[in-house]
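Note sheet for the following structure.
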Amino acid sequence: MPRAAGYSPVAVLARPSAAPHSPRAGLPARAGIGLKSEHSEELRKGPSSIGFLEVHAENYMGAGGQPHADLTALRALYPLSVHGVGLSIGSEQPLDATHLDRLRRVLERYQPESFSEHLAWSTHDGHYLADLLPVAYNEATLVRVVDHIDQVQTYLGRRMLLENPSTYVAFSASDWDEVDFIAEVQRRSGCGLLLDVNNVAVTCANHGRDPIAYLDAFPVAAVGEIHLAGYAEDCDSLGARLLIDAHGSPVATDVWQLYAHALTRTGPVATLIEWDNNVPALDRLIAEATMAEGYLSAAAQRRDSAA
């Protein structure tokens, strides 16, 4: 979405937090859903079986209105995750200080258990491109992304989770494997990670990679949240299978299978059902979350048996 105010880039943000990277309690190891306005009234009647709610930060950067009234009421009932889509962490330009300040106000207002953003870029010359675009995995990008994450974590005074992307093209300028790049970003910045299993399925299918090997190499000790979603299928110009991170359908069978494998490495971790397009009735979302709860219970049983 376009920014309400002008793009205000700065190389060094001037308002460092008094307590950078301070810990938060974290989300419960439960299954949650993304909050949609059409479900707010039903959710406000009282806690349901879902473990937490997640919202997009940019939807709450206004001063008031019904979205804030709903979220204020629901925050008293559910743990909360805030997911950003506009920081443009991978951009070659400085961070947008105006956007970051608005983000800080949202986080201070709602004190969520978790905050996450994407390994992507979405701004250029002061314009927001309304998409999450891929980055080249090389040393220049690595230094820039780590610097941006450090600025964000210091300014917000909290640890950020960085989400692995879904991609459709690869850069010839890349020198790193994606998982190795993410692991090095995490090591240098101290950020946490959001493991989007649907993105793993999409990226690996589109680039002919092994999703199990991807998950086995992923730095799971830093994972604070998992995302699951449905993808759409298409074909590229050569007729090859192309998966699209569409968020408009149930979680696919192969993504559930990858999720089960991921949990053997992570143990039980807060898991979100992402369904942003063709949004179904609340009961349908809760059914997907209930399926995830079953996988989380099995992971907890394995953990307890091994203890």
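The values are calculated or read from the model by the stated rules, or taken from the named source; none is laboratory data. What you are looking at is a predicted structure, and each value in this text was computed from that prediction instead of being measured. Because the Cβ atoms are built from the backbone with ideal geometry, glycine has one as well, and the counts that use them run over all protein chains shown.
Looking across region 84-109, the residues that are of a type outside the set (A, V, I, L, M, F, W, C), free of Cβ contacts under 8 Å to residues at least 60 places away in the same chain and outside any helix (DSSP H, G or I) come down to 84, 88, 90, 91, 92. In the set (1) over 19 Å from the mean Cα position of the chain (by Cα); (2) modelled with pLDDT of 95 or more, the condition left unmet by residue 54 is number (1). Only one entry of 295, 259 meets the criterion of being in contact with a Pro (Cβ under 9 Å, 6 or more places away or on another chain) and under 12 Å from residue 197 (Cβ atoms), and that entry is 295.
Taking the listed residues 81, 88, the one that is among the hydroxyl-bearing types (Ser, Thr, Tyr), buried (at least 20 other Cβ atoms within 10 Å of the Cβ) and either at pLDDT below 95 or more than 17 Å from the chain's Cα centre (by Cα) (or both) is 88, with no other qualifying. With respect to the conditions (1) buried (at least 17 other Cβ atoms within 10 Å of the Cβ); (2) not in a strand (DSSP E or B); (3) not β-branched (Val, Ile, Thr), residue 194 falls short on a single one, namely (2). Whether any residue in region 93-114 is in contact with an Asp or Glu (Cβ under 8 Å, 6 or more places away or on another chain), modelled with pLDDT of 90 or more and under 30 Å from residue 76 (Cα atoms) is what I want to check. The answer is yes, given that some residue of region 93-114 is in contact with an Asp or Glu (Cβ under 8 Å, 6 or more places away or on another chain), modelled with pLDDT of 90 or more and under 30 Å from residue 76 (Cα atoms). Considering only region 207-221, I want to know if a residue exists there that is in contact with a strand residue (DSSP E or B) (Cβ under 6 Å, 6 or more places away or on another chain) and not acidic (Asp, Glu). No.
Would you check if residue 175 is over 18 Å from the mean Cα position of the chain (by Cα) and outside any strand (DSSP E or B)?
Spelling it out, residue 175 is indeed over 18 Å from the mean Cα position of the chain (by Cα) and outside any strand (DSSP E or B).
So, residue 167, is that one closer than 28 Å to residue 112 by Cβ and at pLDDT below 95 or not?
Values: closer than 28 Å to residue 112 by Cβ: yes; at pLDDT below 95: yes.
Yes; evaluated as a whole, the condition is true for this residue.
Quick check on region 173-181. Is at least one of its residues in contact with a strand residue (DSSP E or B) (Cβ under 7 Å, 6 or more places away or on another chain) and surrounded by 21 or more Cβ atoms within 10 Å (Cβ to Cβ)? The answer is no, given that none of the residues of region 173-181 is in contact with a strand residue (DSSP E or B) (Cβ under 7 Å, 6 or more places away or on another chain) and surrounded by 21 or more Cβ atoms within 10 Å (Cβ to Cβ).
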